[in-house]
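Read-outs: derived from the displayed coordinates by stated rules, not from any lab. Predicted, not measured: the structure shown is a model, and the values here were computed from it. Here the Cβ is made from the backbone with ideal geometry for all residues, glycine too, and neighbour counts use every protein chain on show.
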Amino acid sequence: MTDSDDKMMGPADIRRILNLLPHRYPMLLVDRVESMVRDTSIHAVKAVTINEPFFQGHFPGRPIMPGVLIIEALAQAGGVLAIESLGLAGSGKLVYFMGIDGVKFRKPVEPGHL
């Protein structure tokens with residue numbers, strides 16, 4: 001077993017995510033976690049559908065996910081990683097995303113994207 005194997009963490013389904021994060025619909029922006037490496041990285045998925053409430057007005061005729069919600073999804077995924085890495089699951093403790101600088105959105109997130 002290598003050191004990186006020790007850091008690999010299993011996937012998380014929606015039930016696990018709901019136990020880790022306080023967010024609920026419509027603000028829960030992580031549907032599942034494919035993989036995590038303790039203290040290092042997370043591969044999380046949000047299935048973006050046309051039924052998302054924010055698409056109603058952003059923008060009619062060309063729906064795109066607002067950038068602030070893309071960052072919120074990133075923060076929630078980071079929260080899952082932090083809670084799992086720090087062993088805080090079930091403790092009732094929260095973690096907070098405090099800021100981000102120099103963000104560049106390379107492509108719009110549209111309905112149907114993962």
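Sequentially through segment 69-81, phi angles give Karplus couplings (6.51, -1.76, 1.60; θ = phi - 60°) of 7, 5, 5, 4, 4, 4, 5, 5, 4, x, x, 4, 4 Hz, Gly and Pro residues having no value and appearing as x.
Phi angles across segment 28-38 convert, under the Karplus curve 6.51 cos²θ - 1.76 cosθ + 1.60 with θ = phi - 60°, into 3J(HN,Hα) values of 6, 10, 10, 8, 7, 10, 6, 7, 9, 10, 3 Hz, Gly and Pro given as x.
Here R38 and R106 are evaluated by their C-beta separation; at R0 = 22 Å the FRET efficiency comes out at 0.20. Using +1 at the C-beta of Lys and Arg and -1 at the C-beta of Asp and Glu, which of G78, A47, G10 has the Cα lying farthest in the positive direction of the dipole of segment 3-85? Checked the options; the winner is A47.
Taking amide H as placed 1.01 Å from N in the peptide plane, the amide H of A44 sits under 5 Å from that of E34, each at least 5 places away or on another chain.
Normalised by the number of residues in the chain, the mean separation of alpha-carbon contacts (under 8 Å, six or more apart) gives a relative contact order of 28 percent. Ellipticity at 222 nm from helices only: DSSP H runs of n ≥ 4 in the chain, each -39500 (n - 2.57), divided by the residue count, give -8000 deg cm²/dmol. Size descriptors for segment 3-85, from the alpha-carbon set: Rg then Dmax equal 14.2, 50 Å. Between T49 and I71, the simple label model (points 7 Å from Cα in the Cβ direction) yields a spacing of 2.8 nm.
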